[in-house]
Each structure stands twice: as structure tokens, then as C-alpha cells.
């Protein structure tokens, strides 16, 4: 849970500092009907998905992104197809929030579309798509996430490792072991944690070496992973 929170905060920070202008837009309008954050939240509280689905097509990206986020909080599977379509939105933040909502919903129908987002031009979108794939936990995403371990952005590599730990497939062990040597300590820590979750005892020797890592978080995660592997081997 703590690792998931850290990853979410990293992604949120990437979003906040890279697009301050998105949050400054006003007024927020869609044709004759005005939309704002408070009104959209009221639709959620009233359980009204139809206005939020309509807001996914609003001309303002803030409205579309907020609508996508709120639909995820509602968790109605009937809205999944509309959110999957929003993964193609021209605005990266709409794509990212649609991905996050599909992950919250555990929507397996979105796996292919989310995997496609791992090559998105926006690192925020790639990172959010990885978190969504990890939450869904479908093994079909594993090859795409393994490839994402080589992404140029550390937060994307970190999230890829986290997601692979959630999916737990044997073919991820070797790439995760290799990620223990990543230049970024957050990636190494995430890889160590993922190896513990994956439960493959062949990773134990590499995790023992990670106990000597220069970064204290990596050492902690490696120790925890070893404990998990020894416990599962009993």
C-alpha cells in the first residue's frame, strides 16, 4: 500500500508541475450547459453517470479529465467503454485520468488499450497506464510492462516494476532482477519489492546482493522481499 501511494504521488507530481495551465482554465463550458468541478462532483454524489459521460466530450480538457476521474470513483462498468474511448483523447491528462479510472474499476476489457498507452508520448500517461494495468492484474500486460522497464523516465520504469509485481508472472523475474541494477534507486526498490511479490525463489541470490545497495530503501525492500520468498518457500 505504501509503495502504491509513493508511486501515485510521483505521478501526481509529474502532472502538477508539467501542466499548471490546465488547472487555470475558466470558464468551463460545454455548449449551453456549464460544467465546473463542483457540479461534476454533484453528479457523482447523485449517482448520475450520464452527465459525466457526456462531459467526456466537453471541449475543455479539464472538464473531460475531471469527468473521467469521477467515473472511476463511481465504478459503474457500464461506463467502461466510454472511458476506453477517452484513452484516445488528444489531451494527455484526459488519457491519464481515463486510464486511472479503468484501473480502479479493474476493467479487463481495457488491457489492450492501456498497453498501447505504454508507448504514449507523455510520461504521465505511460505511468498512469502502468498503475492501471497493475491494478487490473491481467497477465496479457506483462510483455508490455517488461518492455517498459527500459523506458527513459525513471517513474515509468518504477511503475512498470510495481505492476509486474502485482501481475506475478514467471517471465518477469529475469527482467526484474536486471532492474535491480537500474541507475535510479526508486526503480531498484520497486523491482526488489516486485520480486518479493512474484514469489520466484530464483531471485533470492540477486536480492541478497541488493542488501548491500547504497540506498537504504533498496536494502529495506530487498530484505522484505527475501523474507516473503523464504516464507512462501516453507
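The values are calculated or read from the model by the stated rules, or taken from the named source; none is laboratory data. All values derive from a computational prediction rather than experimental measurement. All Cβ positions, glycine included, derive from the backbone under ideal geometry; neighbour counts span all protein chains shown.
Observations on the model:
- The single residue among 191, 161 that is part of a helix (DSSP H, G or I), within 13 Å of the chain's Cα centre (by Cα) and buried (at least 20 other Cβ atoms within 10 Å of the Cβ) turns out to be 161.
- Filter result for the condition that a residue is more than 21 Å from residue 142 (Cα to Cα), modelled with pLDDT under 95 and in a helix (DSSP H, G or I), over 209, 231: 231
- A single member of 129, 141 is crowded, with 18+ Cβ neighbours inside 10 Å, under 17 Å from residue 164 (Cα atoms), modelled with pLDDT of 95 or more and over 12 Å from the mean Cα position of the chain (by Cα), and it is 141.
- Once the stretch 34-62 is narrowed to residues that are surrounded by fewer than 18 Cβ atoms within 10 Å (Cβ to Cβ) and in a loop (DSSP other than H, G, I, E, B), the residue that is modelled with the lowest pLDDT is 36.
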